[in-house]
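Student: Sharing a structure here in structure tokens format.
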Amino acid sequence: MVGMTWQQDMIVLEDCTSDLGKPHALKIELADDEQTIEKKDGTKVQDLGMRELVQRLSMSPAGERKICLLENIERMSIGAANAFLKTAEEPLPQRLILATTSNESMLLETIRSRAWAIHCPLPLRQDVIVYLRQIYPTLGEDDAIRLASLVGDRV
């Protein structure tokens, strides 16, 4: 959707809970100190705050649109959620904000009321096994079952 300008027009607030070994909250602070998080795979990501995200969303897109992905939005602090409200209420043109949550009830009502909820249930285990065997034809049935279990039925 972003095309050639993805580096300028794609903003991701990733949940790094599993990499940190503790809950990773979406904070309000600007990333003035360029704080980074080292992930388990050795890559580093900038630990952005909500004000930084709102500031980046306010900049004109380099391409057709600017896209923001907020992973596990329910982990926003109250301050971050309040800082995000204005952007959620009146998004600028050519901005798309996508957010994931596994617990919709933990979102502020003011944010929930401004969102389109698209429920995406996990696929059935047997469907995951069939899919894995289509993608990897040499994968045996037992290995496909173990792999489906290992990824928590998320492909």
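The values are calculated or read from the model by the stated rules, or taken from the named source; none is laboratory data. None of these values were measured; they are calculated from a predicted model. Because the Cβ atoms are built from the backbone with ideal geometry, glycine has one as well, and the counts that use them run over all protein chains shown.
Student: If we keep just the residues of the range 99-155 that are part of a loop (DSSP other than H, G, I, E, B) and of a type in the set (Lys, Arg), which is nearest to Thr17 (Cα to Cα)?
Tutor: Top of the filtered list is Arg154.
Student: Would you mention how many residues in the range 1-21 are in a loop (DSSP other than H, G, I, E, B), exposed (fewer than 14 other Cβ atoms within 10 Å of the Cβ) and modelled with pLDDT under 80? Please lay out each step first, then the result.
Tutor: Filtering the range 1-21 down to residues in a loop (DSSP other than H, G, I, E, B) leaves 1-2, 14-16, 21.
Subsequent filtering for residues that are exposed (fewer than 14 other Cβ atoms within 10 Å of the Cβ) retains 1, 21.
Okay, now just the ones that are also modelled with pLDDT under 80, so 1.
So the answer is 1.
Student: Right, another one. Confirm whether Ser77 is under 19 Å from the mean Cα position of the chain (by Cα) and of a type in the set (S, T, N, Q).
Tutor: yes
Student: State which residue pairs qualify: first residue assigned by TED's automatic domain parsing to the domain that holds Ser102 and closer than 15 Å to Ile97 by Cβ and inside the range 64-78, second residue in a strand (DSSP E or B) and not aliphatic (A, V, I, L, M) in any location, beta carbons under 6 Å apart, and separation of 6 or more residues or different chains.
Tutor: The qualifying pairs are Lys66/Arg95.
Student: Out of (1) more than 21 Å from Asp9 (Cα to Cα); (2) in a loop (DSSP other than H, G, I, E, B), the odd one out for Pro93 is which?
Tutor: (1)
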